[in-house]
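Taking it in order: structure first as structure tokens, then the write-up.
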Amino acid sequence: MYPRRPMASDRAPIAVIGTGYVGLVTAAGFAQLGNEVWCVDIDAEKIARLERGEVPIFEPGLAECVMANRERLHFTTELVPALEHARLLFVAVGTPPTYSGDADLSAVNAVVDALPASDRHALVMKSTVPVGTGAAIRRTFDSQGKQQFAYVSCPEFLREGSALEDFLHPDRVVVGDDGNWAGDAVVDLYAPLGAPLVRTDVRSAEMIKLAANAFLATKISFINEISNVCEETGADVVEVARGMGLDKRIGPSFLKAGLGYGGSCFPKDVSALKQLAGNSGYHFQLLTSVIEVNELQKRRVMAKLQKHLGSLVGRTVALLGLAFKPQTDDMREASSLVLAARLQADGAKVRAYDPVAEEVARSLLVGVDFAPGALDALSDVDACVVVTEWPEFVDLDWDEVARRMRGRLVVDGRNCLDRDGVTAAGLIYEGMGRGNRA
Ligand SMILES: NC(=O)c1ccc[n+]([C@@H]2O[C@H](COP(=O)([O-])OP(=O)(O)OC[C@H]3O[C@@H](n4cnc5c(N)ncnc54)[C@H](O)[C@@H]3O)[C@@H](O)[C@H]2O)c1
């Protein structure tokens, strides 16, 4: 799928610090473009696995791409070899939320502190960071005698589940810098992708990333609120979204009503922007609502289950899909975590199946019974909830499902199923905001 390209002698070696979802995809993508890439991570086990040719995360095409470009990918826990070979050091370490909702920059700061003084290196920030982080790092560099270390903001917009394709075919590349050699070098590096370039200052680049994610999250919470009103008024949110999305000013993406957004980015980035605004003295009212709507949305399934089953005590409910979205094993902020906990708190037993996230999910979902396949998960359950819209759930044989289930209720938490197919099998279909058909 990803044949290795011939070595391009004009492609400079680079380093990627942090080999998680963003770092490893960035490394594999640049290796595919012909760069030697030095991948650094403090997780020695992860580096050992990568050295053995194992890719520790699930991301379509990534294992093949890493394998095809193995000779150009170097994995190490040490910064020194990376500094020896590369001038551009892409930083893709995690920036999780703190209790206050601000971004935790301790991993970023650990990298900054570990860098030596140099006039030939640049830190290229891929991690999502609050506006002002570049300026703060500049001050740290100055105070540590590293004035010559260059700094570039180059936020990442890839989506898990299609990360490699997104890296290779980005909608745009954003480069924020103060006009030195490093900004030019980053622009040159991305040039073969032919994507529109937004070259700007560091603060604006930082804000572009946060604002883009906050806008997408707002779109999701908006359509979820519309879906809730649809439930009250009998309209069908799928029809409403189709009619809205054909308006070029609105567009169809991120207008799918469901159980709300999750993952490692939207929840933390929306919260980080809200806190950033608050810390600067501005109350970002809209984002407060976006967050609240999203939290309530995950819990709406409980009312649907109770409407049909009454008390959930002693009932068994199957969760189809656990990852926060299809084509990934990432469980960070997944709706399934909230749902499983709520179901257990109400006395229900939870059976679960996910095509790829089970290994990660097992450590997070205590007391949940894991099934080896979707049909196994559905045997003798009182109800099932589609939490993640994996294609295999869309293609289920509903007659067979009906034979296996004890109860009749199918809650389509992602509005991805064929409602007629489900009801034709004698099952009860409950979508999100699907109204009534009378
Ligand atoms: N995951 C996404 O879809 C996505 C998309 C765009 C942007 N981002 C942003 O990219 C950043 C990374 O996200 P991710 O999902 O790849 O995180 P991740 O948790 O998957 O990976 C982070 C990696 O950094 C390593 N690390 C931590 N401290 C380190 C250090 N001091 N030196 C070297 N390595 C270190 C960790 O061991 C881990 O392997 C975050 O800021 C995130 O917001 C993520």
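The values are calculated or read from the model by the stated rules, or taken from the named source; none is laboratory data. Computed from a predicted structure; not experimentally measured. Positions of Cβ are backbone-derived with ideal geometry, glycine not excepted, and every protein chain shown enters the neighbour counts. All accessible areas refer to the heavy atoms of the entire protein, side chains included, with ligands and DNA or RNA removed. Shrake-Rupley method; radii C 1.70, N 1.55, O 1.52, S 1.80 Å.
Quick look at the numbers
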{"quantity": "Share of carbon and sulfur in the accessible heavy-atom surface of the chain [1.4 Å probe, %]", "calculated": "54 percent"}
{"quantity": "Base-10 log of normalised Debye intensity for the chain (one unit scatterer per alpha-carbon) at q = 0.06, 0.08, 0.12, 0.13 Å⁻¹", "calculated": "-0.28, -0.50, -1.04, -1.17"}
{"quantity": "Karplus-derived 3J(HN,Hα), 6.51/-1.76/1.60, for each residue of the stretch 197-213, Hz, glycine and proline x", "calculated": "10, 10, 9, 8, 7, 4, 4, 5, 4, 4, 6, 4, 5, 5, 5, 4, 5"}
{"quantity": "Pairwise Cα inverse-distance average, inverted: Kirkwood Rh of the stretch 257-366 (Å)", "calculated": "15.2 Å"}
{"quantity": "Dipole of the chain, positive end: most advanced residue of 215, 393, 27 [Cβ charges, Cα centre]", "calculated": "215"}
{"quantity": "Around residue 307: net Lys/Arg minus Asp/Glu count, Cβ-Cβ under 12 Å", "calculated": "0"}
{"quantity": "In sequence order, calculated HN-Hα J values of the stretch 116-127 (Karplus, 6.51, -1.76, 1.60; Hz; x Gly/Pro)", "calculated": "x, 5, 6, 10, 10, 10, 9, 8, 10, 7, 9, 4"}
{"quantity": "Candidate residues 156, 36, 359: accessible-area rank, largest first, probe 1.4 Å", "calculated": "359, 36, 156"}
{"quantity": "For the chain, calculated [θ]222 nm from helices alone, where every DSSP H run of n ≥ 4 adds -39500 (n - 2.57)", "calculated": "-13000 deg cm²/dmol"}
{"quantity": "For the stretch 90-169, radius of gyration divided by Kirkwood radius, i.e. Rg to Rh on alpha-carbons", "calculated": "1.01"}
{"quantity": "Gaussian network model of the chain, Cα within-10 Å springs - most flexible of 234, 134, 161", "calculated": "234"}
{"quantity": "Of 248/268; 209/298; 146/268; 304/325; 219/256; 274/325, pairs whose Cα-Cα distance is over 19 Å", "calculated": "248/268; 209/298; 146/268; 304/325; 274/325"}
{"quantity": "Projected area averaged over orientations for the stretch 28-104, convex hull of C-alpha atoms, nm²", "calculated": "6.3 nm²"}
{"quantity": "Most to least accessible of 256, 126, 248, 349 (protein chains only, probe 1.4 Å)", "calculated": "248, 256, 349, 126"}
{"quantity": "Area of residue 222 that stays accessible when all protein chains are in place (1.4 Å probe, Å², to 10)", "calculated": "100 Å²"}
{"quantity": "Area accessible to solvent at residue 365, 1.4 Å probe radius, in Å²", "calculated": "10 Å²"}
{"quantity": "Mean shadow area of the stretch 140-274 over all directions, Cα convex hull, nm²", "calculated": "10.6 nm²"}
{"quantity": "Long-range amide H partners of residue 17 with built H, under 5 Å", "calculated": "40, 90, 91, 92"}
{"quantity": "Within a Gaussian network of the chain (alpha carbon springs, distance under 10 Å), most fluctuating of 364, 189, 105", "calculated": "364"}
{"quantity": "Per-residue ³J(HN,Hα) for the stretch 176-188, Karplus 6.51 cos²θ - 1.76 cosθ + 1.60, θ = phi - 60°, Hz, x for Gly and Pro", "calculated": "x, 7, 9, x, 9, 4, 5, x, 4, 5, 5, 4, 4"}
